1. Tell me yes or no: at least one residue of the range 32-49 is within 24 Å of S151 (Cβ to Cβ), open to solvent by less than 70 Å² (accessible area, probe 1.4 Å), out of contact with any helix residue (DSSP H, G or I) (no Cβ under 9 Å at 6 or more places or on another chain) and within 15 Å of the ligand (Cβ to nearest atom).
2. Just checking, how many residues over the range 50-60 are within 11 Å of the ligand (Cβ to nearest atom) and open to solvent by less than 90 Å² (accessible area, probe 1.4 Å)?
3. Which one of the conditions (1) assigned to a helix (DSSP H, G or I); (2) of a type in the set (D, E, K, R); (3) open to solvent by 50 Å² or more (accessible area, probe 1.4 Å); (4) within 20 Å of L23 (Cβ to Cβ) does R100 fail to meet, given that it meets all the rest?
4. Considering only residues that are open to solvent by less than 60 Å² (accessible area, probe 1.4 Å) and over 18 Å from K29 (Cβ atoms), look in the range 61-78 and name the one that is nearest to the ligand (Cβ to nearest atom).
5. If you scan the range 128-182, which residues turn out to be in a loop (DSSP other than H, G, I, E, B), out of contact with any His (no Cβ under 7 Å at 6 or more places or on another chain) and aliphatic (A, V, I, L, M)?
6. Could you figure out which of (1) open to solvent by less than 80 Å² (accessible area, probe 1.4 Å); (2) under 18 Å from the mean Cα position of the chain (by Cα) isn't true of Q194?
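The values are calculated or read from the model by the stated rules, or taken from the named source; none is laboratory data. All values derive from a computational prediction rather than experimental measurement. So basically every Cβ, Gly included, is an ideal-geometry build from the backbone, and we count neighbours across all protein chains shown. Surface accessibility is based on the protein's heavy atoms, side chains included, excluding ligands, DNA and RNA. Shrake-Rupley method; radii C 1.70, N 1.55, O 1.52, S 1.80 Å.
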Amino acid sequence: MLKLYDFELSGHAHRVRLMLALLGLSYQKITVNLAQGEHKHAAFRQINPLMQVPVLDDDGLVIRDSIAIITHLANNYAPAWNPKSSELQAQIQQWLAIARNLADGPAKARLITVFKAPYDAQSTIASSHQQLAIIEQLLKDKRWMVGGQPSIADVACYSYIAHAPEGQVELSVYSNILAWLERVEALAGFVPMQRTPLQAA
Ligand SMILES: N[C@@H](CCC(=O)N[C@@H](CS)C(=O)NCC(=O)O)C(=O)O
């Protein structure tokens, strides 16, 4: 039985919901309301001392990081999503590093607007655009991030890039990124992350 400790507005949690949906895996969802501080409650700290979502419990195996979780899901339920040849695996790992860095770019910009986090908006938006310009180049002439089919690299990068506009990081100049987002959104099983009013308006 798969159990996901989740929060609807978390892009890290959305990575996992997206992977589960694309693989057609059913799971029990347990909401940890970050806005109400539930991640700091003693009961959740037993599950994740880092006090963060997402956490996946796969039949007693507890995994506490979104990229570790989607890697586990691919390895165990759909290995084609994490190709193992050393060349493709090197590329996957490079993209996963880029996905992790989004926490200091578009994800952080969104924290400022959506969650009123006290970071400097101007420098965060600027570093988000530096990251996106590199991703735009890397996606030139590519349908998918690695090889000829979608992989955990695409899933890891999707949520915070798609929701960058919520942090006032415009995507309109990035044509390769926009086309890639559309391809991800057209995948069978795709589930969106809830838009915040700022972007939905
Ligand atoms: N490296 C972790 C980061 C997870 C993370 O930052 N989660 C945020 C929500 S998007 C969280 O739980 N924040 C609560 C807090 O740090 O107080 C992952 O990839 O899962």
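1. Within the range 32-49, the first condition is being within 24 Å of S151 (Cβ to Cβ), and the residues that meet it are none.
No - not one qualifying residue is present in the range 32-49.
2. The first filter runs over the range 50-60 and keeps only residues within 11 Å of the ligand (Cβ to nearest atom), leaving 50-56.
Then drop every residue that is not open to solvent by less than 90 Å² (accessible area, probe 1.4 Å), which leaves 51, 53-56.
Residues in the range 50-60 being within 11 Å of the ligand (Cβ to nearest atom) and open to solvent by less than 90 Å² (accessible area, probe 1.4 Å): 5 in total.
3. Checking R100 against (1) assigned to a helix (DSSP H, G or I); (2) of a type in the set (D, E, K, R); (3) open to solvent by 50 Å² or more (accessible area, probe 1.4 Å); (4) within 20 Å of L23 (Cβ to Cβ), the one that fails is (4).
4. In the first step, residues of the range 61-78 are kept if they are open to solvent by less than 60 Å² (accessible area, probe 1.4 Å); the result is 62-63, 66-74, 78.
After this cut, where a residue has to be over 18 Å from K29 (Cβ atoms) as well, the list is 67-68, 71, 74, 78.
Values: I67: 6, A68: 8, T71: 11, A74: 15, A78: 20 Å.
Ranking the candidates gives I67 first.
5. If we filter the range 128-182 for residues that are in a loop (DSSP other than H, G, I, E, B), which is where we start, we get 139-151, 163, 168-174.
Now drop any that are not out of contact with any His (no Cβ under 7 Å at 6 or more places or on another chain), which leaves 139-151, 163, 168, 170-174.
Once the filter is applied, which keeps residues that are in a loop (DSSP other than H, G, I, E, B), out of contact with any His (no Cβ under 7 Å at 6 or more places or on another chain) and aliphatic (A, V, I, L, M), the range 128-182 yields L139, M145, V146, L171, V173.
6. Just one mismatch for Q194, condition (1).
Residue-by-condition table, conditions (1) touching a Phe, Trp or Tyr at 6+ places or on another chain (Cβ under 6 Å); (2) closer than 26 Å to L25 by Cβ:
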residue: I92; (1), (2): no, yes
residue: N101; (1), (2): no, no
residue: G105; (1), (2): no, no
residue: A109; (1), (2): no, no
residue: L138; (1), (2): no, no
residue: M145; (1), (2): yes, yes
residue: Q149; (1), (2): no, yes
residue: P165; (1), (2): no, no
